[in-house]
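One structure below.
We did not get these values from a lab; they are worked out from the coordinates using the rules stated. Just so we're clear, the structure is a prediction, and the values are computed from it rather than from any experiment. Reconstructed Cβ throughout: ideal geometry from the backbone, glycine too, with neighbour counts over all protein chains shown.
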Ligand code: RTP
């Protein structure tokens, strides 16, 4: 699918506990804000074990699953719903490869992390998961409708 301004999507972005502990919240939010995407939901949240397990249910069989759940529940995370054209793939690009040592410089993980088990941020990997994860982490009424004055060169 070619990227187009009409292809408006939602994605779930989460700053993981290491990102919060290291004081990277502002920096990470800025990357998405500066790109021009629209923030629809935002909260600091202590994730319960059951929710972490549900979020990462596709990884249940992996050897690192228990460690992953422990990591995600080890301290507050910042939950975000973002909207914009082609945002699911674009956000994954901004975030960079899962292993921060393989992530390109200029990406969030490429610039800010060195360990796969401490890779500071999550982004939905498909449109379907974007919808699923936004619904999983946010309750009704926690998302906002608003329009942004977008400068003509971003249209
Ligand atoms: P995320 O879901 O967090 O955005 O990450 P991803 O799609 O880039 O990577 P995925 O394969 O879905 O893995 C989810 C998270 O599990 C941790 N992980 N640890 N070998 C390991 O120890 C290992 N592999 C993956 C990472 O925190 C990864 O982001």
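Based on Cα contacts under 8 Å between residues 6+ apart, the chain shows a relative contact order of 35 percent. Which residues does a label at residue 136 reach in the stretch 1-37, if reach means a backbone N under 11 Å from a point 7 Å past the Cα toward the Cβ? So the set is 12.
Extending 7 Å from the Cα toward the beta-carbon at both residue 44 and residue 67 defines two label points whose distance is 2.9 nm.
Find how much the distance from residue 8 to residue 57 grows on full extension, using 0.36 nm per residue of separation minus their present alpha carbon separation; answer in nm with one decimal. List each step's numbers first, then the result.
Numbers: separation 49, 0.36 × 49 = 17.64 nm, distance 2.63 nm.
Result: 15.0 nm gained on full extension.
Gain on full extension, evaluated as 0.36 nm per residue between residue 35 and residue 101 minus their Cα-Cα distance, stands at 21.4 nm.
What's the exposure ranking of 5, 14, 80, going from fewest to most Cβ atoms within 10 Å?
Fewest to most other Cβ atoms nearby, the residues stand as 5, 14, 80.
Relative to the longest principal axis of the Cα atoms of the chain, helix 25-35 runs at roughly 30 degrees.
With neighbours defined as other Cβ atoms within 10 Å of a residue's Cβ, the residues 49, 73 order from fewest to most as 49, 73. Exposure proxy shown here: for 65, 138, the number of other Cβ atoms within 10 Å sets the order, fewest to most, as 65, 138.
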